[in-house]
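Visitor: I am attaching a structure below and will ask some questions about it afterwards.
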Amino acid sequence: MNEDFSEAKAEGVCTAWYFAAALRLLVLSAGVFLPLAAQAQDEGARFQQDPVQQVAARVLVVLAVIGIVVVVYSLARYRGSAVEPASWGVLLAGAVALPLLITGVGTILVFQRAERVEFCASCHLTMQPFVDDLKNPKSNSLAALHFRNRYIPDDQCYACHTSYGLFGTVEAKKEGLNDVYRYYTRTFHLPITLKHPYPNNDCLKCHAGSEKWIASHQDYKDALFSGEATCMQCHAESNPAHNIAQNVATPH
Amino acid sequence: MTPTVTRDVTPKPFKLNSATTRTLLIVAQLLALVVFILALEFLRRTTGGTLFLFSTIGPVLALIAVAAVLGVATYRFLRRHSLFEVEDIEPGQVIFRQGEEGDCAYFIHDGQFAVIREENGTETVIARLSTGQYFGEMALIGNAARNATVRAVTPARVAILGKQNFLTMLSLMPRTQEDIMQTVNARAMRKAKK
């Protein structure tokens with residue numbers, strides 16, 4: 001009987017140790033990763049922070065940290081055997097519920113963050129010149145003007161290079177995946193050019209209703225609306241969309 | 001008259017041994033760990049690569065992990081709740097090994113089985129069971145791991161009763177419970193003597 005009691009006591013102490021270690025790891029990880037999530041959101045001006053992104057990022061960090069702690073605890077404590085309800089609970093939480101939750105919440109963030117200028121710039125071998133021009137206070141390109149004056153408040157690349165509505169978003173994401181593949185396999189071709197002619201709609205979705213734009217484009221607005229003329233006919237050379245320096249890297 | 005040859009085309013029931021389920025559960029948890037790390041890396045540095053890995057590879061890994069865990073859970077649930085499934089056993093086939101989790105009891109319809117205890121790397125046949133006898137009940141009653149390995153000596157046929165249904169049967173049939181407890185005690189005493 002004394003042996004049984006000692007064994008039960010040792011088992012209890014062991015379990016308590018695992019819990020304490022898991023809690024320490026959880027607190028430590030939260031202390032490291034929550035500030036990172038917050039930092040990622042402070043890149044933009046403090047008036048431009050998207051609450052959905054902020055909340056989603058923090059939730060994702062917490063879920064991921066909890067998931068790591070739960071799985072590490074489960075592997076260390078049970079080593080793959082699931083017999084008691086407690087072991088099944090930990091297993092289902094760590095390998096079923098949390099991955100599904102993280103995938104779901106993460107999808108929101110993926111869609112949001114893929115639209116940011118910094119994300120476009122991350123493919124720096126191809127996109128850095130465009131982003132440099134966008135942020136250049138001395139450039140007179142359309143991109144720089146729109147950025148500098150906040151005609152487009154944020155996600156400037158995405159706003160101009162995505163057609164309107166859900167279909168436009170899905171198309172942009174699909175082409176984005178293709179671009180990621182070509183970037184990391186170094187199968188892109190320089191100089192970077194549009195895959196298809198720039199559609200008028202991507203300008204007109206904002207400008208068509210603007211009195212200032214109509215006043216300055218009075219002579220050709222009908223041709224632009226009907227598609228007989230394109231915006232790029234004028235904005236390719238003079239008042240170009242982008243002023244790109246020809247010092248881009250070449251793929252090998 | 002031409003003799004006809006008949007072949008048994010009964011599909012063999014799908015079986016997962018304890019080692020395989022353990023491996024599946026460990027792999028599932030490791031895949032989940034990878035998903036969590038991909039999520040944190042995506043948050044720390046949002047680039048095309050981390051976004052692609054988290055948004056494309058991550059869900060695939062998560063689904064594989066979920067499928068593995070739910071598959072094992074479903075298999076074990078069905079096994080525990082199986083109701084006298086009849087199974088044909090080949091000679092030499094191991095029914096269960098010492099140390100594995102006990103999830104069902106076996107009632108011998110035909111054939112012979114050897115009960116083998118392994119200690120310090122040595123295998124010893126401690127009992128032989130035949131038609132009308134049963135085995136695997138001690139792990140269910142004591143909620144413990146299998147205390148011996150059971151292997152078929154001849155072609156055999158067994159009826160398998162899952163743990164939940166076995167325990168329900170004991171609770172509903174006191175005479176049967178007495179008989180089985182007598183056998184359990186006799187086997188325990190034999191083990192203690194050895």
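Visitor: Could you give the size of the charge dipole of chain B about its Cα centre, using +1 on the Cβ of each K and R and -1 on the Cβ of each D and E, expressed in debye and rounded to the nearest 20? All intermediate terms of the calculation are to be shown ahead of the outcome.
Guide: Values: 22 positive and 16 negative charges, 73 e Å.
The dipole of chain B has a size of about 360 debye.
Visitor: Using the Kyte-Doolittle scale, which helices in chain B average at least -1.0 and also have C-alpha atoms spread 24 Å or more along the helix axis, with helices defined as whole DSSP H runs? Could the numbers behind the result be given before it?
Guide: Working: long enough: B:18-44 (39 Å, 1.70); B:58-80 (33 Å, 1.32); B:174-193 (28 Å, -1.19).
Membrane-span-like by this criterion, though nothing is claimed about a membrane: B:18-44, B:58-80.
Visitor: Taking only pairs that are 8 or more places apart or on different chains, how many Lys pairs in segment A:137-247 have Cα atoms under 18 angstrom apart?
Guide: On the way: A:LYS173/A:LYS195; A:LYS174/A:LYS195; A:LYS205/A:LYS221; A:LYS212/A:LYS221.
Eligible lysine pairs with Cα atoms under 18 Å apart amount to 4.
Visitor: If only Cα atoms are counted, what is the Rg of chain B, and what is its Dmax, in Å?
Guide: 22.5, 80
Visitor: 5 Å is the cut-off here: which amide hydrogens, built 1.01 Å from N in the peptide plane, fall below it relative to B:ASP103, excluding neighbours closer than 5 in sequence?
Guide: Here the answer is none, since no amide H 5 or more places off falls under 5 Å of that of B:ASP103.
Visitor: I would also like to ask the following. Charges only on Cβ, +1 for Lys and Arg, -1 for Asp and Glu: so what's the dipole of segment B:92-131 about the Cα centre, in debye to the nearest 20? Don't skip to the end; give the middle numbers.
Guide: Values: 3 positive and 7 negative charges, 37 e Å.
Charge dipole of segment B:92-131: 180 debye, to the nearest 20.
Visitor: Can I ask one more? I'd like to know which of B:VAL150, B:LEU140, B:ILE126 lies farthest towards the positive end of the charge dipole of segment B:97-194, counting +1 on Cβ of Lys and Arg and -1 on Cβ of Asp and Glu.
Guide: B:ILE126
Visitor: Which aspartates and glutamates have a Cα lying under 20 Å from the Cα of B:LYS15, excluding residues fewer than 8 positions away in the same chain?
Guide: Result set, ordered by chain and number: B:GLU85, B:GLU87, B:ASP88, B:GLU90, B:GLU100, B:GLU101, B:ASP103, B:GLU137.
Visitor: Another one. Give, in nm to one decimal, the length gained when the segment between B:ASP179 and B:GLU90 is fully stretched (0.36 nm per residue of separation minus the Cα-Cα distance).
Guide: Details: separation 89, 0.36 × 89 = 32.04 nm, distance 2.88 nm.
Computed gain between B:ASP179 and B:GLU90 is 29.2 nm.
Visitor: Leaving out same-chain residues fewer than 8 places away, which aspartates and glutamates sit with a Cα under 13 Å from that of A:LYS135?
Guide: List returned: A:GLU118, A:ASP154, A:ASP155.
Taken together, the values in this text are just the output of simple stated rules run on the coordinates, not laboratory data. If you're wondering where the values come from, they're calculated on a predicted model, not measured in any experiment. Here the Cβ is made from the backbone with ideal geometry for all residues, glycine too, and neighbour counts use every protein chain on show.
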